[in-house]
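Inspection log for the structure reproduced underneath, given as C-alpha cells.
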Amino acid sequence: MEECTLAASWWSGSREEDPWEWREIIASEGKVAYGKLFNNKAGFVSRQWYPLFASYRRDGYDFDSRYEDGLASRKCKKIIDALTEYEKLPSYELRALAGFGAGGEKGFEGAMALLQMQTYITVRDFRRKRNKKNEEYGWPVAVYSLSEKLFGEDHVRSAYQVDGKTAKQEIIKHLLDKFPAASYEDMVKCIR
C-alpha cells in the first residue's frame, strides 16, 4: 500500500486518496473482515476466505467451547459476552461494558487482538466520538462485532470440516499465487 500511495495522500482525509480512509469505507461495507488478522497486524480478508481463516485459527472451536475447555481467558469471555448482547460496539463502549479501564480489568488491547486473530470478532465500522453538544471529535474509533453477526454463523463456520493444518496450507497457497515474489516462510510469518 505504501509503495502505491503518494506520501501526501496519507492522513490527508481524502476519501479518494487516503488509505486510512479506505479502511473505514471497506470495513463499513460489510463485505470483508478487517482487523488484526496477520501476525497481530491489521489487514483484510474477503468473505470468501474468512471461513478458512476461522478453520485455521479456531481449530474447530466456537468461542463457548474454547472457553469451557479452558482455552480462552475470562477477559476474552467478557468481551464476547458484551458483543453477544449488542450488534456492534465502538471500542470505548466495549471496553467499559466488558469491565476494562479505570479500576477494572487490564489487558483489553491484548484480548482484542487475540479475538481478532482467532476470527471471533472483527471491525465492522468506524465512528468518531461525540462531545456533550453531540459534535464529532477526534480520530475515528473502531466499531467491533462478532464475526458471526457480520457474515452469519453458517458461513463463518462453513469450513470447520477442514482441519486447521489443511486450511493454513490452502491460505498460504492462495497468498503465494497472489504474491509470487514472496517466500513460503514470509507467508507463514504473515498468517501466524
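Here, each number is a calculation from the coordinates, and none is a lab measurement. Quantities reported herein were computed from a predicted structural model and do not represent experimental measurements. Here the Cβ is made from the backbone with ideal geometry for all residues, glycine too, and neighbour counts use every protein chain on show.
Near K189, which lysines are there with a Cα under 20 Å away, not counting those fewer than 8 places off in the same chain? Qualifying lysines at Cα under 20 Å: K36, K41, K165, K168, K173, K178. Partners of K31 within straight-line reach, counting lysines whose Cα lies under 17 Å from its Cα and excluding those fewer than 8 residues away in the same chain: K88, K149. Count Lys and Arg as plus one, Asp and Glu as minus one, and take only other residues whose Cβ is under 10 Å from that of E148; the net charge is then -1.
A full extension of the chain between E136 and E87 corresponds to an added length of 15.5 nm, given 0.36 nm per residue minus the alpha carbon distance. For the chain, the mean projected area of the C-alpha convex hull, equal to one quarter of the hull surface, is 12.6 nm².
Each part reduced to its alpha carbon centroid, region 1-77 and region 119-149 end up 14 Å apart.
Residues with beta-carbon under 15 Å from that of D18, excluding D18: net charge, scoring Lys, Arg +1 and Asp, Glu -1? That sum, taken over residues with Cβ under 15 Å, equals -3.
Under the criterion of Cα pairs below 8 Å and six or more residues apart, the relative contact order for region 12-83 equals 13 percent. Counting charges near M117 (Lys, Arg +1; Asp, Glu -1) among other residues having Cβ under 9 Å from its Cβ returns a value of +3. When shorter helices are ignored and each DSSP H run of at least 4 residues is given -39500 (n - 2.57), the per-residue value for the chain at 222 nm works out to -12500 deg cm²/dmol.
With the convex hull of the Cα atoms taken as the outline of region 1-113, the averaged projected area works out to 9.0 nm².
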